[in-house]
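Reading through the structure tokens given below for one structure.
The values are calculated or read from the model by the stated rules, or taken from the named source; none is laboratory data. The shown structure was predicted, so the numbers you read here are calculated from the model rather than taken from an experiment. Note: ideal-geometry Cβ built from the backbone for every residue, glycine included; neighbour counts use all protein chains shown. What goes into the accessible areas is simple: the full protein's heavy atoms, side chains included, and nothing from ligands, DNA or RNA. Shrake-Rupley method; radii C 1.70, N 1.55, O 1.52, S 1.80 Å.
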Amino acid sequence: MARIAIIAGSPSLGSRLFGLTEHVEERLRRAGNDIAWISAAELPSEDLLRANFGSPAIKAALDAVESADAVVIASPVYKASYSGALKTILDLIPQKGLQGKPVLPLFIGGTIAHLLAVDYALKPVVASLGGTHILGGVFAVDQWVSRLENGGYALEEQLRERMDEAVAELNRELARYRQINQEQVVKLG
């Protein structure tokens, strides 16, 4: 169906954020979408911090965003904003790199008081990258995501429901974009 890039801005692979991203990835794959992962914790830190555009890993990450039909931007909230690791990734994306792509934010923080981090911290940066369609997204509190002993994560039912609705909204937007593109092709053809 569609190509979706998931950008995970946690500097740690053990973050509860991955409970959110894994749930969304599974739902998106189930709907037939192809997923490309970009994880701050897995990119070479020196290449990321020095904006090494010649790095194969950085090139692959940027190619994944460029070829994506939509982008999921996920981050833990630290000090009322998204992670610095996410910011370094976003800084590498070209000026209009999110133009024409629905963006789904997924944020997790220690308290609901950080709920507005998406509106006040992320949305201006996404807009500066050409992103004009930012979906409502999901903000979760750490306590709603539990680490399981055998690996993986358990999400509270209400959070799972909100995440499923966010994925459904993203899939509806992708279908709408495809319809618009098909109509434009027919008009031009």
*Identify, by number, the condition in (1) at pLDDT 95 or above; (2) within 19 Å of Pro76 (Cα to Cα) that Glu169 doesn't meet.*
(2)
_Per-region count, segment 156-182, residues in contact with a strand residue (DSSP E or B) (Cβ under 9 Å, 6 or more places away or on another chain), open to solvent by 20 Å² or more (accessible area, probe 1.4 Å) and over 21 Å from Asn33 (Cα atoms)_ = 1
*Restricting attention to segment 79-114, which residues are among the hydroxyl-bearing types (Ser, Thr, Tyr) and farther than 14 Å from Ala8 by Cα?*
Ser81, Thr111
_Could you go through segment 1-10 and let me know if any residue there is under 18 Å from Gly97 (Cα atoms) and open to solvent by 40 Å² or more (accessible area, probe 1.4 Å)._
yes
*When the residues of segment 73-91 are filtered to those that are in contact (Cβ under 8 Å) with a residue 24 or more places away in the chain and in a loop (DSSP other than H, G, I, E, B), which remaining residue is most open to solvent (accessible area, probe 1.4 Å)?*
Ala80
*Listed residues Ala68, Ala51, Ala74, Ala57; which is among the small types (Gly, Ala, Ser) and farther than 26 Å from His23 by Cβ?*
Ala51
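Please enumerate the residues belonging to segment 57-66 that are open to solvent by 10 Å² or more (accessible area, probe 1.4 Å) and under 8 Å from Ala5 (Cβ atoms). Show your work before the answer.
So in segment 57-66, the residues open to solvent by 10 Å² or more (accessible area, probe 1.4 Å) come out as 57, 59-64, 66.
Correct list: Ala64 only.
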*asked:* Looking only at residues that are of a type in the set (A, V, I, L, M) and in a loop (DSSP other than H, G, I, E, B) in segment 29-62, which one is farthest from Ala8 (Cα to Cα)?
replied: Ala31
